[in-house]
1. Do we find a residue being more than 16 Å from the ligand (Cβ to nearest atom), acidic (Asp, Glu), more than 18 Å from the chain's Cα centre (by Cα) and modelled with pLDDT of 95 or more anywhere in the range 90-101?
2. With Ser70, Ser64, Ser101 as the choices, which residue is surrounded by 19 or more Cβ atoms within 10 Å (Cβ to Cβ) and among the polar types (S, T, N, Q)?
3. Based on what the data block shows, is Pro23 more than 10 Å from the ligand (Cβ to nearest atom), outside any strand (DSSP E or B) and out of contact with any Asp or Glu (no Cβ under 8 Å at 6 or more places or on another chain)?
4. Name the pairs whose Cβ atoms lie under 9 Å apart, with the first residue in the range 165-180 and assigned to a helix (DSSP H, G or I), the second buried (at least 18 other Cβ atoms within 10 Å of the Cβ) and of a type in the set (Lys, Arg), and 6 or more positions between them or separate chains?
5. Can you tell me which residue among Lys196, Lys187, Lys159 is surrounded by fewer than 21 Cβ atoms within 10 Å (Cβ to Cβ) and part of a loop (DSSP other than H, G, I, E, B)?
6. Being surrounded by fewer than 16 Cβ atoms within 10 Å (Cβ to Cβ) and within 12 Å of the ligand (Cβ to nearest atom) is the filter here; which residues of the range 28-41 pass it?
7. Return a yes/no flag: does the range 145-152 have any residue that is in a strand (DSSP E or B) and basic (Lys, Arg).
8. Quick test of your reading of the structure: Pro114 fulfils all but one of (1) within 16 Å of the ligand (Cβ to nearest atom); (2) touching a residue at least 60 places away in the same chain (Cβ under 8 Å); (3) assigned to a loop (DSSP other than H, G, I, E, B). Name the failing condition by number.
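The values are calculated or read from the model by the stated rules, or taken from the named source; none is laboratory data. Nothing here was measured: the structure is a model prediction, and the numbers come from that model. All Cβ positions, glycine included, derive from the backbone under ideal geometry; neighbour counts span all protein chains shown.
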Amino acid sequence: MDHETIGSEDWDELILNLEATIPVYDRINRFATIGQVDKWRRMVRERLPNEDAKILEVGCGPGSFAENVSGVELVCLDPSVLMLEAAKPRVNSKRQQRGESEVEFVQGKAEELPFEDNSFDGACSLFSFRDWYDKRAGLGEVLRVLKPGAKVVIVDPAKMNRMHGVLGWLWMRFWVGAYARIICGVKDHPWKWLTKTYVTFGTTRDYVRMMEDVGFDNVTAKVVFPGMATIWEGRKPES
Ligand SMILES: C[S@@+](CC[C@H](N)C(=O)[O-])C[C@H]1O[C@@H](n2cnc3c(N)ncnc32)[C@H](O)[C@@H]1O
């Protein structure tokens with residue numbers, strides 16, 4: 001694993017471990033982010049276009065973000081069938097309560113998006129980019145499927161420099177790890193992958209550069225309170 005790629009064996013194991021988190025995903029996520037995760041999700045929603053826009057969420061997981069997205073046509077993609085099976089009833093029952101049409105769920109990977117060029121008015125990815133096995137290829141695919149001028153919004157860990165990375169590692173390894181051990185009731189809990197993917201995750205600045213290299217314009221990165229997450233944004237050039 002490095003800050004761009006995850007080898008296929010590691011990635012397969014990562015997906016199995018992510019699937020094992022489904023029953024406790026939101027509970028541990030809230031604990032790990034000291035309750036900030038809902039605010040970060042709101043910040044992503046506010047940055048995406050609304051009013052009849054067609055939005056793609058890459059790596060929707062069990063639907064924790066998608067369930068509260070309203071007023072747009074949403075397409076949720078994930079490589080894991082188990083994640084999609086968890087997300088579908090959860091998200092669509094909320095949509096039904098709001099009188100909205102169902103979300104389209106698609107099995108697929110960021111690196112090979114099964115969509116036509118220029119199909120979406122916006123795209124987002126929350127706590128998934130770190131897990132993409134080829135981040136550069138995935139960003140290239142997101143760029144391809146966005147319409148000219150459309151925006152991508154990504155949230156994942158903040159790592160401003162080496163020292164910040166060490167603090168983040170300590171937090172995940174000991175604080176989140178201890179809680180996950182208690183909640184999951186086993187020492188060898190699936191949340192250990194949170195630490196593993198963080199170790200090789202690049203800095204906030206690395207991914208600004210990668211987004212620019214891939215072809216996004218107006219790339220920005222904001223480290224959000226309390227310094228645990230970054231929100232990256234970029235636009236597909238108009239021409
Ligand atoms: C931690 S969950 C994130 C769930 C959700 N987006 C949220 O807001 O909490 C990460 C998801 O990314 C998915 N994922 C991992 N690798 C991926 C890839 N290469 N392309 C798309 N999704 C991927 C996993 O299957 C998993 O469901």
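1. No, because not a single residue in the range 90-101 is more than 16 Å from the ligand (Cβ to nearest atom), acidic (Asp, Glu), more than 18 Å from the chain's Cα centre (by Cα) and modelled with pLDDT of 95 or more.
2. Answer to the check: Ser64.
3. For Pro23, the condition - more than 10 Å from the ligand (Cβ to nearest atom), outside any strand (DSSP E or B) and out of contact with any Asp or Glu (no Cβ under 8 Å at 6 or more places or on another chain) - is met.
4. Matching pairs, first to second residue: Gly165/Lys159; Gly168/Lys159.
5. Lys187
6. Correct list: Arg30, Asp38.
7. Checking the range 145-152: at least one residue is in a strand (DSSP E or B) and basic (Lys, Arg).
8. Failed condition: (2).
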